[in-house]
Amino acid sequence: MANLTTDGKLCIEREIDVQIIENDETEMTSRYSIADTCNWINSNKYTKVCLQFPDELLGISSKVYEELKKGTEADLYILGDTSYASCCADVVASMHVQSDAIVHYGHTCFSKTNIPVYIVLNQKSLDIDFTMKILRENLTDFNLKKMCLLYDCDFNHLKDDLTEKWFQQYPNSYIASISMKESKQRFFGRVVKNASSENFSSEILKDCVCIYVGSRGRTFFNFTVSVEAEKWYLLDPASNQLDVIQETIWFKRRRFLIEKCKDANVVGILVCKLAGDQTKQIINRMKQLCKANGKKCYIVSVGKPNVAKLANFPEIDIYVMIACPENDLYDSRDFYQALVYPYELEVALNTNRDFYFTSHITNYEDLLPGNLHYKDINDICDSTDVSLITGKIRETKVTAASSSTDLVQKQNWQLENIGHSLSKRSWKGLEQKLGESDVKQVEEGRKGIPLQYLNEPE
């Protein structure tokens, strides 16, 4: 069972890049929104609040705690680590102290939660005039086209100046501003607006040239694969270089994994996020898809997944990962079984989905009823086709049994699958080997506990 739990030695010996930030009281109050945070806690009458810091901000956590205690009488708890991604609010850890709310510091993915969360974003400097100059010099051919500016959440404290100068230079374009309020038009924590502050959905970006101001990371990656646009540009303030993003082989690999989903007989629903009712809904959605296509599914929750943990379940052919869209495990190729998005299982098993998609859906909440990309699940009939990976015949058998004869056929089919799975193993369990073992006298075994056996030689 050791591989089903996180090795304590790894946690102790792990090196953390902690930023020791020396701030005076005035700067800290502004940088970490001390006054606004205290007002939020006091106005909502919260008595227990957890302060969640990412690893790189642990060096400042005690100072922030001390400043907050000057403005509120609520009990505060520092969360120095999280079971999953640090960009998500750690609702599970907050439940240990029965917390009323969470104050989340640093980069965030704006995931929905079932507990109130106050977000305090990082604040990085940005030369807005120089940024506009780079865009003006490099995007001369797009003056007549619609454009949309997106920026990293670290620059949200500059959004007013950035918005003003963007529309001065490109008055007929759009900007995707960060919004803390939940709405149907919000995607990845952002809402598209024009110069008149009218809100639009992300669908309007199909005919736009999109420019992202920030570093090349998971946030930008999610934008490029999830939001369909005419063209994508990246302006990294660290290098002040504007790069055009070309289509990569990433989509080809995802289509390959969709074919692997069709081949799979046993699907593992890997839960790497427990916050919010949407997690339960997407798990039920994945179970419905598997059931409709005659596939077995198991729910697996092992905290932070690693190769050793998932290797304990060799019967599972593929994992669908319920996690934050910014979790980098999606691209890991070290695992014995492939990891796929919920959207890829949808494409593989839901005939209402278009197999030849041009954009990806990394945020699984969009797949749920009432959201933008929801599709009904068709009733699947028994069918046969050919796998594009193995070249073998692939059968889809629905598990619903209407009579005793159907039940027998279902049981025989399940036994057949079990036998096929066992045939691939080099070790198939204890074997009797009658007549092949030497007969020996009975010997006295060990006594005591594993820590120190009584008859163990010293």
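Among 38-48, 106-116, sorting by the average number of other beta carbon atoms lying within 10 angstrom of each residue, highest first, gives 106-116, 38-48. For the range 25-169, the per residue solvent-accessible surface stands at 47 Å², with DNA, RNA and ligands left out and a 1.4 Å probe. For the range 141-180, carbon and sulfur atoms together expose 46% of the accessible surface, with a 1.4 angstrom probe and every protein chain in place. Taking 0.36 nm per residue of sequence separation and removing the Cα-Cα distance, the Ile204/Ser43 pair yields an extension gain of 54.2 nm. Would you mind checking Lys262/Lys309; Lys124/Lys146; Lys145/Lys193; Lys124/Lys159 for any pair whose Cα atoms are more than 21 angstrom apart? Result: Lys262/Lys309; Lys124/Lys146 exceed 21 Å. Protection proxy ranking of 49-58, 295-304, by the mean of other Cβ atoms within 10 Å over each peptide's residues and highest first, is 49-58, 295-304. Computed extension gain for Ala195 through Lys159, at 0.36 nm per residue and net of the alpha carbon distance, reaches 11.6 nm.
The distance from the alpha carbon centre of the range 100-131 to that of the range 29-99 is 13 Å, rounded to a whole number.
Per residue, the average separation of C-alpha pairs within less than 8 Å and at least 6 apart gives the range 196-268 a relative contact order of 25 percent.
With 0.36 nm allotted per residue and the present C-alpha distance subtracted, the Glu443-Phe256 stretch has 61.7 nm of extension available. With each label modelled as a point 7 angstrom along the Cα→C-beta vector, the Tyr77-His373 pair spans 3.5 nm.
Each label point was placed 7 Å from the Cα along the Cα-to-Cβ direction; for Glu182 and Ser426 their separation is 5.0 nm.
Once backbone amide H atoms are built at 1.01 Å from N, Leu51 has Tyr77, Ile78, Leu79, Val103 as its partners under 5 Å, excluding neighbours fewer than 5 places away on the same chain.
The values are calculated or read from the model by the stated rules, or taken from the named source; none is laboratory data. Since we're looking at a predicted model, the values are computed, not measured. For neighbour counting, all protein chains shown are included, and Cβ atoms are generated from backbone atoms with ideal geometry for every residue, glycine included. Quick note on the areas: whole protein, heavy atoms, side chains included, nothing else; ligands and nucleic acids left out. Shrake-Rupley method; radii C 1.70, N 1.55, O 1.52, S 1.80 Å.
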